[in-house]
1. Scanning the stretch A:133-162 for residues that are closer than 15 Å to A:GLY191 by Cα and either in a strand (DSSP E or B) or not assigned by TED's automatic domain parsing to the domain that holds A:GLU235 (or both), which turns out nearest to the chain's Cα centre (by Cα)?
2. Identify the residue in the stretch B:59-71 that is more than 9 Å from every other protein chain (Cβ to nearest Cβ) and surrounded by fewer than 18 Cβ atoms within 10 Å (Cβ to Cβ) and, among all such residues, is nearest to B:PRO146 (Cα to Cα).
3. So which residues in the stretch B:183-223 are of a type in the set (Gly, Ala, Ser), under 14 Å from the mean Cα position of the chain (by Cα) and at negative phi?
4. Mind listing whichever residues of the stretch A:232-250 are among the charged types (D, E, K, R) and facing chain B (nearest Cβ under 9 Å)?
5. In the stretch B:31-75, how many are in contact with a Lys or Arg (Cβ under 9 Å, 6 or more places away or on another chain) and assigned to a strand (DSSP E or B)?
6. Enumerate the pairs (first residue in the stretch A:223-239 and of a type in the set (Asp, Glu); second residue anywhere and surrounded by 20 or more Cβ atoms within 10 Å (Cβ to Cβ)) with beta-carbon separation below 6 Å, excluding pairs fewer than 6 apart on the same chain, so at least 6 apart or on different chains.
7. Being surrounded by fewer than 21 Cβ atoms within 10 Å (Cβ to Cβ), hydroxyl-bearing (Ser, Thr, Tyr) and under 23 Å from A:GLN194 (Cβ atoms) is the filter here, so list the residues in the stretch B:1-58 that pass it.
Amino acid sequence: MIIPYQILQAGLLDSHTEKPMDSFSCSLANAVLGSPLDQTCLEMHFPAAKIEWESDRLFCLSGADFTARLNDLSIPLHRPIWAPKGSILSFQAPVKGARAYLATAESPFSIQEARILPWSANIAWEKSPCPLIHVVPGRDWERLTSRAQQQFFSQIHLLSHEANRMGFRLDHPALETRTNEDILSTAASFGTVQLTHWGKLIILMADHQLTGGYPMIAHVISADLPKLAQKRPGEPIQFNLCDQDTAENLWKAQQNHLQQIRSASLLKLRSYAN
Amino acid sequence: MTEPAFPYRIFPLGDAAFSIEFQQASLLEANEQVHFFQAYFSQHPIPFIRSLVPAYRTLSFHVDLKALVLSNCCLSDVIQHVQQVVVKPQSTSPADGKIHRIPVRYDFDVAPDLAWALTQTGLSLAEFIFLHTKPLYRVFMLGFLPGFGYLGEVDSRIHLPRKPSPQAVKAGHVGIAGNQTGVYPGDSPGGWQLIGHTDFPFIHHGIPVLRAGDSVQFYAAES
């Protein structure tokens, strides 16, 4: 992909990653532009990059709200924006969320000035968020005492400052285990909730190590990883149990929703071009 | 006569992955099944499988959940597919891997946990070095970091528990966790007890030097 902009001032950990932390927001930004959902976006943390457009483009922002401006125009999330060559995108302050996504697309039409185009994603899914993070049990769930199993679901865990693309460490009262016996290293996945010997939780994120040897007590379901990825240090995390069927249905609902937004955006884009 | 049941179990690894764990008493035999079926499923791919991850006793399957649900399939369909293949233990030829000889400095100034390890095991430095360098270790699996080989099995007299929580580790540190040993090929967080250091290059022209099924012999380097 040709990147149609120049980074004037680098942000914190910007990356054109094929493994976004919040794959929903990344796909949503693409969907609003009618692009393929798995197209690579720029993932940004705050302070975010300052960007100059080197050619005329459509773009869309999703995920975290960092108060975006295109020249002097305030830019909302989830809207297609027309950016003429030479315009400058900047971010003022982190209002909500941890990671913002920038998708770009070539435009079938041309306008003189920066403009917010007249349609947006129906983001009902985001507007009524269930604050709970759903998990399915892991292989080593039974290592927790029954009291700790209850505590795992009832207590509030805070995201610590040790939270990055590799993993999230949580702050909470320690969870008690029946045994601390070592286990053989085995594969882990994005969303695996590991328990350290101190009874503290680590959730493996997008850049996680392929294998690990700490007990795996649960796994965050794929549909809730985007929500988890937008948590900031100090924010609360509470877990809720779910089963495989529910996990698959939630994921399917998200994917269908994204496909619908993409189809609707393609129609709008065509009629706007005419 | 009925054949003895094939000792394995399947457990989910979240909603988009699962593992087969081979439960043979011998770790070596279990690991041979892991590598047999990894080769089999690489040559005969199953729909929706994104990647295979071999480990000591487990072969894990990561699934493309997007393609799966959009085709109206579910994870249990893929698991059933795998179960139809994994029906009996497969005879495997003995591994014909390479032997790597790796020099290790067992010095207190380069191995932060060595002194603790001696206290923990009640051994002298010479005894500890003897027990760590004696076995011809098998590379049971690769993973964790590019170039990292999980080696086993460590003599039970020098088994050391994993650290309570991972800490920053520098490249070249030799660690022990339970009955496993291995060398960190790059800087990384890690929870193994660091009992030595080596300058051996584990990545050569971008390619990991160790392969699953190879053997490793450590020896004490002149310091």
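The values are calculated or read from the model by the stated rules, or taken from the named source; none is laboratory data. Just so you know, these numbers come straight off a predicted model, no measurement behind them. With ideal geometry, Cβ positions are generated from the backbone for all residues, glycine too; neighbour counts draw on all protein chains shown.
1. Top of the filtered list is A:ILE133.
2. That would be B:ASP64.
3. B:ALA212, B:SER215
4. Residues satisfying the conditions are A:ASP245, A:GLU248.
5. Of the residues in the stretch B:31-75, 3 are in contact with a Lys or Arg (Cβ under 9 Å, 6 or more places away or on another chain) and assigned to a strand (DSSP E or B).
6. A:ASP224/A:ILE133; A:ASP224/A:HIS134; A:GLU235/A:LEU159
7. Residue satisfying the conditions is B:SER51 alone.
Conditions tested, residue by residue: (1) in contact with a helix residue (DSSP H, G or I) (Cβ under 9 Å, 6 or more places away or on another chain); (2) assigned by TED's automatic domain parsing to the domain that holds A:ARG143; (3) modelled with pLDDT under 95.
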{"site": "A:MET205", "(1), (2), (3)": "yes, yes, no"}
{"site": "A:HIS208", "(1), (2), (3)": "no, yes, yes"}
{"site": "A:THR211", "(1), (2), (3)": "no, yes, yes"}
{"site": "A:ILE217", "(1), (2), (3)": "yes, yes, no"}
{"site": "A:VAL220", "(1), (2), (3)": "yes, yes, no"}
{"site": "A:LEU228", "(1), (2), (3)": "no, yes, no"}
{"site": "A:LEU250", "(1), (2), (3)": "yes, no, yes"}
